[in-house]
Amino acid sequence: MILEAIDVRKAYAAHVALDGVSLAIPEQSIFGLLGPNGAGKTSLIRIITQITGADSGEIRFRGQRLAPEHATEVGYLPEERGLYKKMKVGEQLIYLARLRGLSRADAMLRIKDWLERFDIKAWAEKNVEDLSKGMQQKVQFIATVLHEPKLIILDEPFSGFDPINANMLKDEILRLKQEGATIIFSTHRMESVEELCDHIALINRSRKVLDGPVKLIRNQFRSNTYELEGRSNNKFIVMHPDFEVLEHLELENGHFRDRIKLHDGVNSNDLLRYAIGQAEIHAFREVIPSINDIFIRRVRETMPESLLETANALL
Amino acid sequence: MASKFFLVAQREYLTRVRKKAFIVLTLAVPLLIAAFGFFMVKIVQSDDDNTDVVEVRDESGLGLAARLVSTPQLQFVPSNVPLAQGKKAFQKAEHAGLLYLPAGLNPDEPTGVQFFGKGNISLRKQVSVESALNKAFSELKMQKSGLTEEQLNRLKAKVDLQAVSLDETGKEEDSNALVTSGLSYGLALLIYLFIFIYGVQIMRGIGEEKSSRIMEVMLSSVKPFDLMMGKIIGIAAVGLTQFLLWGILSTGATSVISSLATDTNNPKTEMAATASRSTDAAEQNAGERFDKQIDKVGEQAPGGAISKAFASLGKLPIGIILFGFIVYFLGGYLLYGALFGAIGAAVDDQTDTQQFMFPVTAPLVLSYIVSITVILRNPDGPLAFWMSIIPFTSPIAMVVRLPFGVPLWQLGLSIALLIAGFIGTVWLAARIYRVGILMYGKKVTYREMSKWMFYKG
């Protein structure tokens, strides 16, 4: 484990930001810290980056209690992006790298490398304020990873990036993971990181509601439901005690799309065999709940009764 | 950690020193001072070096014209033409005026003496001509009463007042009140301006940093205390650099310009140049006043004024003044700089700074005003004592008192309190700073800020 949080608690004057959160983040993984706005993600990150301290509980970095000397092992891209506007890109990167313990010469070598990789070498002598927003984002990302941190924390990393740059960023993140870094993603847009994350933790109302490897969680939330698409000249209707039709959509020219839940002890091949006899099948896949769905389900489950009632009334 | 503090201070210093505004200001101010000095020299020259030539038409037959004593500023020359012609002649000769002593002048009751001048006759000119005449008349009368030339010379006394101050133990000390207060005033102004100019820069710098949203990135690698102190110290270094450059450059520029302006090696102009040379950008006012005071001294005892001023400077407790100045300069800057920093960190919008600025600047402004009015006049009074002990006012009040001599126990107490004071404000500011810099979109109140003090790390 590169990082462990044990029963971390943090309260501000008006509210509790973290209420006994425990996490374990494995080495060389991409970890998604997910939850709606105001759930406590940023509070947790600020504790991990040692900007603030926890009221109680403990953070361990590779088994050691988190201490100031670990700061050089961590790279942090906050949600609120910012750079010194009147400073040149190159100088700024050198400054930030030196603050994280890099020597001037090392910093310059690496900066050259990164600026080439991001194709912004010509901008090194420009003031930050003369750069476009996307460029500034790139510079900021470089600043985050320049000192080759073992743990990279990215808070809402894709906000403000256009699709091309967002893809570029994804590639870089995967490359960094390959090279041995661990990445924590924090976001409220769960679908944006689903495909990247190995592990996730869901945080809601200052508590962790769910965590574990993404595959395991999804399996856990599998409901044995399948989607079936095809065409039939006669009307296709599933009538079988093993299957339960959750949704049936009739489209043009005899096309249809069904969502079917299998009862216990029945497997997907049984359904497929049954369907092939009745219609021309175009697509067949398991309906796997998205992290977003899981989150909503989980939140409903963990909500106190009274709140659940109001939530239901609202929905 | 210490090296991070150094990196922060270094960045603050280098980015500021490289700014165009800094370079322009650093070069422009000495030029302004040099121009000011040049202007002063010119005024002094036109006032004192241009000798006024006054023609004297003496028809009294008393030999008064010969008795009128010329000075470097006023020269009497006899006129041999009748009055009517003389009136035109002196203007043609570009002389300053014509003094007419009519026939039958009674030394005991001299009436009918006339002075013709070009245009308006300045009071100064009139007074000096009058005093020359008075002297001539009294000499004449004394001689008439039977005194010999030798007796007359013995009667003439050249009074040169030497002020001697007694300290508590009754030891005699030469004191030159003007030099002492000039020094007090200059040092106080220097500290006042330095705290104000660079304190506000700390506040602005932190405000900019906050609005650029870089704080979170910084704080993930630097402790807030190091970040704040790095900024305060970096800006102090910028200020010292600027003041030092101003001092050196204005000395250079002034001496070049004044050497161009001065053709004759007149002690007066030399003195004016020296005075304005000691003038710093910040000290323009002080310097001006200082000049005037020295000029006054100079009139009473021309020539000796400079060496005397230096002599009395030498007799001041220079060691203690210098030590005290450095202590109060740095201590005052730290004390106020930390508070300015706290405002910058707490406030979101630069326009909101006003309400928090007042309680910080009020003691500073107050101590400056009281110091240059009351304390300068009565450096040992109760107001002077209390203000030079309280840390918020002592950086200015005590420095004003230093050249007049301060009991060591008071100085020690004041410095101890000042150190306690700036440790206190730095601590306070650091508490406000670390919460404030991450606080956005909230209108801050004093109540809110006082709560921040007790937030845990």
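Points worth noting:
- Within the range A:45-61, being assigned to a loop (DSSP other than H, G, I, E, B), aliphatic (A, V, I, L, M) and touching a strand residue (DSSP E or B) at 6+ places or on another chain (Cβ under 6 Å) holds for one residue alone: A:A54.
- The listed residue being touching a strand residue (DSSP E or B) at 6+ places or on another chain (Cβ under 9 Å), more than 30 Å from A:E79 (Cα to Cα) and assigned by TED's automatic domain parsing to the domain that holds B:S212, out of B:G381, B:G421, B:G405, B:G412: B:G405
- Answer from B:S70, B:S79 - the residue that is touching a helix residue (DSSP H, G or I) at 6+ places or on another chain (Cβ under 6 Å) and of a type in the set (S, T, Y): B:S79
- Within the range B:1-10, considering residues that are assigned to a helix (DSSP H, G or I) and farther than 15 Å from A:M87 by Cβ, the one nearest to the other protein chains (Cβ to nearest Cβ): B:K4
- When the residues of the range A:63-74 are filtered to those that are touching a Lys or Arg at 6+ places or on another chain (Cβ under 8 Å) and not in a helix (DSSP H, G or I), the one that is least open to solvent (accessible area, probe 1.4 Å) is A:V74.
- Residues that are closer than 26 Å to A:G101 by Cβ, within 14 Å of chain B (Cβ to nearest Cβ) and small (G, A, S) do occur in the range A:140-155.
- For the residues B:K268, B:K296, B:K292, the requirement of being out of contact with any helix residue (DSSP H, G or I) (no Cβ under 9 Å at 6 or more places or on another chain), modelled with pLDDT under 50, more than 22 Å from B:I326 (Cα to Cα) and open to solvent by 30 Å² or more (accessible area, probe 1.4 Å) singles out B:K292.
- B:G207 surrounded by fewer than 24 Cβ atoms within 10 Å (Cβ to Cβ), part of a helix (DSSP H, G or I) and more than 9 Å from chain A (Cβ to nearest Cβ): yes
- One residue from A:P213, A:P163 being surrounded by fewer than 18 Cβ atoms within 10 Å (Cβ to Cβ), over 25 Å from A:I288 (Cα atoms) and more than 14 Å from chain B (Cβ to nearest Cβ): A:P163
- Some residue of the range B:342-351 being surrounded by 14 or more Cβ atoms within 10 Å (Cβ to Cβ), within 14 Å of chain A (Cβ to nearest Cβ) and not hydrophobic (A, V, I, L, M, F, W, C): yes
- Meets criteria (out of contact with any Leu (no Cβ under 9 Å at 6 or more places or on another chain), within 14 Å of chain B (Cβ to nearest Cβ) and either open to solvent by less than 10 Å² (accessible area, probe 1.4 Å) or outside any loop (DSSP other than H, G, I, E, B) (or both)) for A:T42: yes
- Condition met for B:G381 (more than 14 Å from chain A (Cβ to nearest Cβ), more than 21 Å from the chain's Cα centre (by Cα), more than 30 Å from A:D55 (Cβ to Cβ) and open to solvent by less than 40 Å² (accessible area, probe 1.4 Å)): yes
- One residue stands out among those in the range B:11-40 that are under 17 Å from B:L240 (Cβ atoms) and open to solvent by 60 Å² or more (accessible area, probe 1.4 Å): the one that is farthest from the other protein chains (Cβ to nearest Cβ), which is B:L25.
- Subset tally (residues that are surrounded by 21 or more Cβ atoms within 10 Å (Cβ to Cβ) and assigned to a strand (DSSP E or B)) for the range A:75-89: 3
Here is a yes/no grid of residues against (1) in contact with a helix residue (DSSP H, G or I) (Cβ under 9 Å, 6 or more places away or on another chain); (2) within 14 Å of chain A (Cβ to nearest Cβ); (3) surrounded by fewer than 20 Cβ atoms within 10 Å (Cβ to Cβ):
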| residue | (1), (2), (3) |
| --- | --- |
| B:A416 | no, no, yes |
| B:I419 | yes, no, yes |
| B:G424 | yes, no, yes |
| B:L428 | yes, no, yes |
| B:G436 | yes, yes, no |
| B:M439 | yes, yes, yes |
| B:T445 | no, yes, yes |
| B:E448 | yes, yes, yes |
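- Checked against the criterion of being charged (D, E, K, R), over 30 Å from B:S250 (Cβ atoms) and open to solvent by less than 70 Å² (accessible area, probe 1.4 Å), the range B:70-91 has no qualifying residue.
- A:L154 meets all of the listed conditions (1) crowded, with 17+ Cβ neighbours inside 10 Å; (2) of a type outside the set (F, W, Y); (3) within 25 Å of B:I206 (Cβ to Cβ) but one, namely (3).
- Scanning the range B:143-161 for residues that are open to solvent by less than 80 Å² (accessible area, probe 1.4 Å) and either among the polar types (S, T, N, Q) or at pLDDT 80 or above (or both) yields B:Q143, B:T148, B:Q151.
- Scanning the range A:90-128 for residues that are surrounded by 17 or more Cβ atoms within 10 Å (Cβ to Cβ), touching a residue at least 12 places away in the same chain (Cβ under 8 Å) and within 14 Å of chain B (Cβ to nearest Cβ) gives A:G90, A:Q92, A:L93, A:I94, A:L96, A:A97, A:R100, A:L102, A:A107, A:V128.
- Within the range A:244-275, the set of residues being in contact with a Gly (Cβ under 9 Å, 6 or more places away or on another chain) and open to solvent by 50 Å² or more (accessible area, probe 1.4 Å) comprises A:H255, A:R257.
- Residue in the range A:65-80 that is within 9 Å of another protein chain (Cβ to nearest Cβ), within 16 Å of A:I153 (Cβ to Cβ), over 23 Å from the mean Cα position of the chain (by Cα) and polar (S, T, N, Q) present: yes
- Scanning the range B:97-116 for residues being under 18 Å from B:N80 (Cβ atoms) and part of a loop (DSSP other than H, G, I, E, B) gives a total of 2.
- Which listed residue is in contact with a His (Cβ under 9 Å, 6 or more places away or on another chain) and either surrounded by fewer than 17 Cβ atoms within 10 Å (Cβ to Cβ) or not in a loop (DSSP other than H, G, I, E, B) (or both), from A:I183, A:I203, A:I237: A:I237
- All positions within the range B:97-115 that are farther than 20 Å from B:T71 by Cβ and of a type in the set (A, V, I, L, M, F, W, C): B:A103, B:L105
The values are calculated or read from the model by the stated rules, or taken from the named source; none is laboratory data. This is a predicted model, so every value here is computed, not measured. Ideal geometry is used to build each Cβ from the backbone, glycine not excepted, and the neighbour counts take in all protein chains shown. Side chains included, ligands, DNA and RNA excluded: accessible areas come from the protein's heavy atoms. Shrake-Rupley method; radii C 1.70, N 1.55, O 1.52, S 1.80 Å.
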